[in-house]
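The values are calculated or read from the model by the stated rules, or taken from the named source; none is laboratory data. These numbers were taken from a predicted model, which means no experiment stands behind them. Every residue, glycine as well, gets a Cβ built from its backbone with ideal geometry; the counts of neighbours run over all protein chains shown. In case anyone asks, the SASA skips ligands and DNA or RNA and just uses the protein heavy atoms, side chains included. Shrake-Rupley method; radii C 1.70, N 1.55, O 1.52, S 1.80 Å.
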Amino acid sequence: MLIKGGSDNYDTPIGIICLDSKFPKPSGHIRNPTTFKFPTIQYVVKGVDVKRLLFERTPELIEPFIQAAKDLEQSGVEAISGSCGFLALYQKEIAASVNIPVLLSSLLQVPLLQMMYSPNVRIGILTASKQALTSEHLQAVGVVHQDNLFIKGMEGKEHFWTCIVEGKQHDFDMKIMEQEIRSSAGELKKQYDIDVLVLECTDLSAFSASIQEEIQVPIFDINTLVELTQSALWRITYNRHRFLQLE
């Protein structure tokens, strides 16, 4: 049997474009190798941290992300994701630069949820910064109607903001971080009575089970999107033995 070569990586379905950050990435984070049941490759875009992407964008900032996508495709990955939901702004341009699936932000699932649920569904979005998440980001991933979207940021949560957004310290306390994230989700649920939650920020995914315990609604994040894509790339062989016996 001939096996095709010519790549740097093999049997690696997902490449991840990552921001340049040093805070911990616990299991459940897209950048932690233990998060998924399949291998991933991380590509760090040096010099671009969370604060720069959210608040200090310039037109040329897209260029290193396009190059990262091209490099990942050349290396042999079968799809490309991202370690920050605010990359939604570049979804179309980066997808157009390569010939494999690109899924940069969990926000890509918002139009799908609007189709999956009734028109009365109340979709919550928990983001790192409500100020930084604009209509432009949502439009970039195909969100046409925003009337049923209810957005809350992590502004005011000191530990999260210091570690994740400003990058002023590299270590964080898991218990404090979890408490801040749970309380934000609880506040969003209480204020808007949401039916479903999308975690825009990839740094929230490690706490998704705890969040669901807090607010008791379905939760979609970058991990659900990555797992959906991987399942399409690597289909399993189903056991038809029971049915074959009946034929």
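Longest segment of the chain with no trypsin sites (Lys or Arg not before Pro) in a DSSP loop having at most 13 other Cβ atoms within 10 Å?
Longest gap between qualifying sites, sites excluded: 47-167.
Give me the percent of accessible area attributable to carbon and sulfur for the chain, probe 1.4 angstrom.
Answer for the chain is 51 percent, counting heavy atoms of protein chains only.
Computed over the Cα atoms of segment 72-175, what is the convex hull's projected area averaged over all directions, in nm²?
8.7 nm²
Once the other residues with Cβ under 12 Å from the Cβ of V77 are scored (Lys, Arg +1; Asp, Glu -1), what is the net sum?
Summing Lys and Arg as +1 and Asp and Glu as -1 gives -4.
Could you work out how much longer the chain between L2 and K92 gets when fully extended? Use 0.36 nm per residue separation minus the Cα distance between them, nm to one decimal.
Extra length from L2 to K92 when fully extended: 28.9 nm.
Near K25, which lysines are there with a Cα under 29 Å away, not counting those fewer than 8 places off in the same chain?
Those lysines meeting the cut-off are K37, K46, K51, K70, K92, K130, K152, K157, K168, K175, K189, K190.
Given only helices, namely DSSP H runs of n ≥ 4 each adding -39500 (n - 2.57), what is the per-residue ellipticity at 222 nm of the chain, to the nearest 500 deg cm²/dmol?
Helix-only estimate at 222 nm: -10000 deg cm²/dmol.
Please give me, ordered by residue number, the GluC sites (Glu not before Pro) of segment 31-80 that lie in loop per DSSP and have at most 14 other Cβ atoms within 10 Å.
Loop-located and lightly packed - E56.
So who's got an amide H within less than 5 Å of the one on L103, skipping anything under 5 residues away but keeping other chains? H placed 1.01 Å off N, in plane.
Under 5 Å from the amide H of L103: I80, S81.
Need one number: nm distance between label points at H170 and E158, each 7 Å from Cα along Cα→Cβ, rounded to one decimal.
In this crude label model, H170 to E158 measures out at 2.4 nm.
Could you give me the radius of gyration and the Dmax of segment 1-59, taking only the C-alpha atoms into account and expressing both in angstrom?
Using the Cα atoms of segment 1-59, the pair Rg, Dmax is 15.2, 52 Å.
Give me the distance in nm between label points sitting 7 Å out from Cα along the Cα-to-Cβ direction at D71 and H145, one decimal.
4.2 nm
Put +1 on the Cβ of each Lys and Arg and -1 on the Cβ of each Asp and Glu in the chain; which of Q179, Q139, Q212 then has its Cα farthest toward the positive end of the dipole?
Result: Q212, furthest along the dipole toward the positive end.
Under a 1.4 Å probe, what is the accessible area of the chain per residue, stated in Å²?
51 Å²
Please check: in the Gaussian network model of the chain (C-alpha springs, under 10 Å), which one of P218, P33, P24 has the largest mean-square fluctuation.
The residue that fluctuates most here is P218.
Using alpha carbon centroids, what distance separates segment 13-68 and segment 121-180, in Å?
Answer, in whole Å: 16.
Mind telling me which of D147, D221, D193 comes out most flexible in a GNM of the chain, alpha-carbon contacts under 10 Å?
Result for the chain, Cα springs under 10 Å: D147 fluctuates most.
So how strong a dipole does segment 32-111 carry about its Cα centre when Lys and Arg Cβ are +1 and Asp and Glu Cβ are -1, to the nearest 20 debye?
200 debye
Could you check which residue among I164, I176, I151 shows the biggest mean-square fluctuation in a GNM of the chain with a 10 Å Cα cutoff?
Fluctuation is largest for I176.
Counting pairs of alpha carbon atoms under 8 Å apart in space and at least six apart in sequence, what relative contact order in percent does the chain give?
22 percent
If you place +1 on the Cβ of every Lys and Arg, -1 on the Cβ of every Asp and Glu, and leave all else neutral, what size is the dipole of the chain about its Cα centre, to the nearest 20 Debye?
It works out to roughly 380 debye.
What label, among (i) 67, 33, 28; (ii) 62, 44, 39; (iii) 59, 49, 36, belongs to Cα extents along the principal axes in Å computed from the structure on display?
Working out Cα extents along the principal axes in Å from the coordinates points to (iii).
Which residue, G47, N32, L199, has the largest displacement toward the positive end of the dipole of the chain when charges sit on each Cβ (Lys, Arg +1; Asp, Glu -1)?
Of the listed residues, the answer is N32.
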